[in-house]
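Beneath this line is the structure, given in C-alpha cells, with notes to follow.
The values are calculated or read from the model by the stated rules, or taken from the named source; none is laboratory data. Everything numeric in this text was worked out from a predicted model, so none of it was measured. Using ideal geometry, Cβ is built from the backbone for each residue, glycine included, and neighbour counts are taken over all protein chains shown.
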Amino acid sequence: MARRAMDQIARLRATSSGSAGQLQLPCLPAEAARPRHALVTLQREARVTAMDRFHSVPITTGANPGREALAISWLKPFGMLGLSLYNFVMRILTLGIYHFWGKTEVRRRVWSAIRVNGEPLEYTGTGRELFLGFLLILWGVLVPVMLLSLGMALLLGPGTTAFGAFQVLLYAGFMLLTGIAIHRAQRFRLSRTRWRGIRAGLDGSSWTYGWTYFWTLLTLPLTLGWSAPWRSTKLQRLMTRDMRFGTQHFTFSASSKPLYKPFALYWVAMAAAAIGFLAIVAGSGAAYSTLMQAKIDENGGNPVDLDTAEIAGLVLTIYLALFVGGLLYVVLSAWYRAATMRHFARHTHLEGAGFESTVSARGLLWIALTNYAILIFGATLVTLVAGGAAYAALPLLADPAMAGLDEENFGRAASAISVILGFVLVLSLGMLLPITQARSTGYLIRNLSVIGSLDMASIAAGAEPTSKRGEGLAQAFDIDAL
Amino acid sequence: MPYDTEGPRFDGRFSDGQTAAAHNVRVAFHERGLVILRDGEEQLIWPYGALATAEPLSTHAVDALVSYRYQPGASLFVPSGGFARRLAELAPHLTTSAARRRAATPWLWAAAGVVVIGIAISAMQLSPARTIASMMPDNVRNALGERTIRAMTEGRKVCETPAGLRAVDTLSHRLTGAVPTGNRFQITVVDWGLVNAFATPGNRIVLTRGLIAKAGGPDEVAGVLAHEMGHGIELHPETGIVRSIGLAAAVELMLGGGGTVGNLGAMLLQLSYSRQAEREADERALDMLRGAGISANGIADFFRRIEGLSAGSNEGDGGGGVTGMLSTHPATADRLRRIAAAPRYPSTPALSPADWQAMKTMCGTPAGE
C-alpha cells in the first residue's frame, strides 16, 4: 500500500516536472525527517499536485489575456476527527467558551479545503469576533427579552389573553430577527472569505432582507405552503444580488416557475405524510386521554400525578414523533431541495462565469442520513463513556473508606456530578459536527462547477479596507453566533 | 537589495491583493524571513514573525497560503508539504498547537477561576440565589406569591367557612406570636385531595383538604404548618424560584432559545428543598412550637403516619398524593431523630376540639372520609 503510493508520487513527479515547470513537488531535506502519517500526507500531495497540473495554469486566450477558466475542487481536510475531539474536550474544560475558537479552526480548515484553480479559499474570521457577536446578542437581545417576558408574566399573569398577545408579538419579533440574522451571518462569513487576497462581501440592508423574510413567511400558511418556491427564489435573488467578490457583483436570473413541478410532488408527498402522521398523533392522544380519564375516575375524580416511568414514556414518545417528523421532512424534501439548488446555481453568474450544480436527491439524502448517524454515534459514545464513569465514581464517593463523604456531602457530590454529566451530554450531540460539516460542504463543492471564465485582472479588491482596522462593535454586530 | 538565499527554492503563486490575478514566483527561506522572487520585479522579504497562514500548519499540511501583516491583501500560495513543514519550524507561531494554545489558555484560566469561586461559594455556604431572594422588595414577593396561589387554586375550590377560617387564624396567630422576626402568614385551605402543604413567596401557605383529612389531630396540622412557616421565614420559596429561573434561563441561553420563563406555579410545585433547607425549616418550626406551647410530637407523628399510609396502600386512593408529600418533604430518619431529640416542655393541644372540628369540615364535606 505504502509502496504503491510512493510509486504513484514518483510517477506524478516525473510527469509534472515536464509540464511547463509549473508547481512541481519539491523533494527536499525536510522530506527525510517526515513524521507519522507520511502515507496519508503523500496521498494528499499526490492529489493536490494532480489537481494543480490541470487547473492552475492560467488560460490565456488571444483576445483577453487576463481571463482564467475556473475549476472548483475539494481537497478533503485531514484530521477532522482529532479536531472534533479536541474541541469537545476544550469546550468542557473552558465551560463552553472555547466553542467560538473551535468553530473558527473548523472553518479555517473547511474553507482551505475549497480550491479554486488549486488555490484555497481563506477564512479570516477570528474566535474573538464570534465571541463578541455572541455577547452582543446575549446582552443586547436574549437577556432583555427574557427579563421582559419574566416581567410581563408577573405583571399580566401567565395564561391570560394579554400575556398570550405579548407572546405572539415576541414570536413575530423573533421571526423578523431570524431573517436579519441570516443576512448578517452571511455577511460575516463572506466578508471574512478571501481568495487570492480578494475579499468577498455582502452589500444591501439586512433589514430589507429580514422584512422580506418575515412578510413572505406569513404567505406560507395562507397558501398552504404553495408560496414556498416563489418565496425561496425571492430571498435567494435578494441575497445573491447583494453578494460580491471584490468589486464584482453576482447576478441572479432564476424564476420560480421551473421549481413548481418538483414542489408539487413534494407537497403531495408531505400532505400524505402529514395526514398519516396527524392520524397517528390524534389516535395516540385519544388513547392517552382515555387512559388518564380512567385513572382519574379510579381516583374518585381527583387529578392524578403521573409516575416517573409514565412521564419518561410520554417525553420519549414526543421526541420520537419529532424525530420521525424531521426524518420524513428530510427524506421527502430531498428531491425538491436538490432541484432548487441546481436551479439556483444555474442562474447565478459572476461576470463571465456561470455555475452548474449536479447535486442529486440521493446524494443529499445519503449525506444527511449518514451525518445523522455520525452525530448520534458520537453522542452515544460520550453517553456511554461519561455515564459509565459517573456510575463507577458514585460508589467510590459513597464508600467511607475511599472518599469518606458523609450522607449530605455525598448528596452534593452526586448532584455536582449530575450537573457536569448533563453539560457533557448536551455538548456531546455537537461533538462530531466538524466532520459532518466538512462532509456536507465537500458534497456541495464536489458537485459544483464553473462554466466560462473570469477576467481576473478586472476584479479589484474594492474600497473596503483590507486591514483589521475598525473591527469594533459595528463589525461584531455582523453576528454569526446563532 | 537582493537577499542571498541558499537551500531549496519553491514554486508558488503570488497575488498582490489589488486584483484577483496571480503570478508565478519562486520562494526561498532566508534567516530574516521568507524571500519572494518575482520575475522582473524587486524581491520581497516577509519576516517570519509577521506572517499568518490560512490554516494552522500541521504535520499533514500539503501546502501553505501565507499572508503578511504589513502588506494586507497580498497572499502567497505554495503547494508543497515540505515548504509548509519548514515554515512551521521557522515560524512556530503558525502551527496548530501554538494557535490552539493562544486561543485556549486565557479561557482555561478563567474557567479554573470560575470553578474555584464556585467551590468557595458552596464551601462558605453562600447562596447567591438566597442573596437575591433577600433583596426582593415585598411587593414583588407578594406578587409572586399571589401568582403562585392563583396557579395552584385554579379550578379548585378555596375552603372558607367562617368557623374554619377562624380556626386557621387562631392556629396561625398562636404559632407566629412566638416568632421574633414578626412574620405574619396568610393561609389558604384548598379543596384538593392531594396530601401536601406549600409555602409560597410573600409569606403565604397553601394547605390541602387531603392533608387535614389525613392528620390525626390539630397538633399534627400545627407541626406541618410551623414547618412551612419555617420555610417562609428562611425565604426558601423565594430562593427556589430565583434558582429555577436562573437555571431555566441558563439552559435556554445555552441551547440558544429565547422563550419564556413564566410558569411559576408549576415551578413551585416541582421545587424540592435541600436537606439543609428542611433542617432549617424544622429548626424554625421547633422554636415556634415551643414558643406557642404546642407539642413537637405532632410533626413527627404526621410524617410517620403518611409514611405508613404510602407503604400500606398501593391502590389509587390518594396514594399518589401521599407520595407527593413525601417526595417534597422526605421524612428521613435523621429528621425524625432530630425532632424526637428536642427538649420536652409543657404543652396544650394546638386547637380546641370545636376549632379542630371547624377546620376539618371547612371544605364542605366532613373530611373524615
> Would you pick out the residues in the stretch A:165-204 that are under 23 Å from the mean Cα position of the chain (by Cα), surrounded by fewer than 19 Cβ atoms within 10 Å (Cβ to Cβ) and outside any helix (DSSP H, G or I)?
Replying inline: A:ASP203
> Does B:ARG102 satisfy being touching a His at 6+ places or on another chain (Cβ under 9 Å), closer than 20 Å to B:VAL242 by Cα and basic (Lys, Arg)?
Replying inline: no
>> Quick check on my filter: what residues within the stretch B:58-75 are surrounded by 20 or more Cβ atoms within 10 Å (Cβ to Cβ) and more than 9 Å from chain A (Cβ to nearest Cβ)?
In response: B:ALA64, B:VAL66, B:TYR68
> Residue check, B:LEU271 against (1) modelled with pLDDT of 75 or more; (2) more than 14 Å from every other protein chain (Cβ to nearest Cβ), all met but one. Which one?
Replying inline: (1)
> Given the conditions (1) over 32 Å from the mean Cα position of the chain (by Cα); (2) among the β-branched types (Val, Ile, Thr); (3) within 14 Å of another protein chain (Cβ to nearest Cβ), and given that B:VAL190 satisfies all but one, which numbered condition is not satisfied?
Replying inline: (1)
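Residues are listed down the side, and each one gets a yes or a no for (1) surrounded by fewer than 19 Cβ atoms within 10 Å (Cβ to Cβ); (2) within 14 Å of another protein chain (Cβ to nearest Cβ); (3) in a loop (DSSP other than H, G, I, E, B):
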{"site": "B:TYR3", "(1), (2), (3)": "yes, no, yes"}
{"site": "B:GLU6", "(1), (2), (3)": "yes, yes, yes"}
{"site": "B:GLY12", "(1), (2), (3)": "no, yes, no"}
{"site": "B:GLY17", "(1), (2), (3)": "no, yes, yes"}
{"site": "B:VAL25", "(1), (2), (3)": "no, yes, no"}
{"site": "B:PHE29", "(1), (2), (3)": "no, yes, no"}
{"site": "B:VAL35", "(1), (2), (3)": "no, no, no"}
{"site": "B:GLY40", "(1), (2), (3)": "yes, no, yes"}
{"site": "B:ILE45", "(1), (2), (3)": "yes, no, no"}
> Looking only at the stretch A:345-400, which residues are part of a strand (DSSP E or B) and hydrophobic (A, V, I, L, M, F, W, C)?
Replying inline: A:LEU350, A:ALA353, A:PHE355
> When the stretch A:336-356 is examined, which residues are found to be out of contact with any Asp or Glu (no Cβ under 9 Å at 6 or more places or on another chain) and within 20 Å of A:GLU68 (Cα to Cα)?
Replying inline: A:THR348, A:HIS349, A:LEU350, A:ALA353, A:GLY354, A:PHE355, A:GLU356
>> Any residue that is out of contact with any Phe, Trp or Tyr (no Cβ under 8 Å at 6 or more places or on another chain), more than 9 Å from chain A (Cβ to nearest Cβ) and crowded, with 20+ Cβ neighbours inside 10 Å - is there at least one of those in the stretch B:108-126?
In response: no
>> Restricting to the stretch A:90-112, and then to whatever is of a type in the set (Phe, Trp, Tyr), touching a helix residue (DSSP H, G or I) at 6+ places or on another chain (Cβ under 6 Å) and facing chain B (nearest Cβ under 8 Å), can you tell me which residue is nearest to A:PRO77 (Cα to Cα)?
In response: A:TRP101
> Conditions: (1) buried (at least 16 other Cβ atoms within 10 Å of the Cβ); (2) at the interface with another protein chain (Cβ under 9 Å from one of its Cβ atoms). A:VAL116 meets all but one. Number of the miss?
Replying inline: (2)
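Report the residue count in the stretch B:146-176 for those that are assigned to a helix (DSSP H, G or I) and touching a residue at least 60 places away in the same chain (Cβ under 8 Å). Steps first, please.
First pass over the stretch B:146-176, keeping only residues assigned to a helix (DSSP H, G or I): B:146-153, B:162-176.
So of that shortlist, the ones also touching a residue at least 60 places away in the same chain (Cβ under 8 Å) come out as B:147-148, B:150-152, B:163-168, B:170-171, B:174-176.
Of the residues in that region, 16 qualify.
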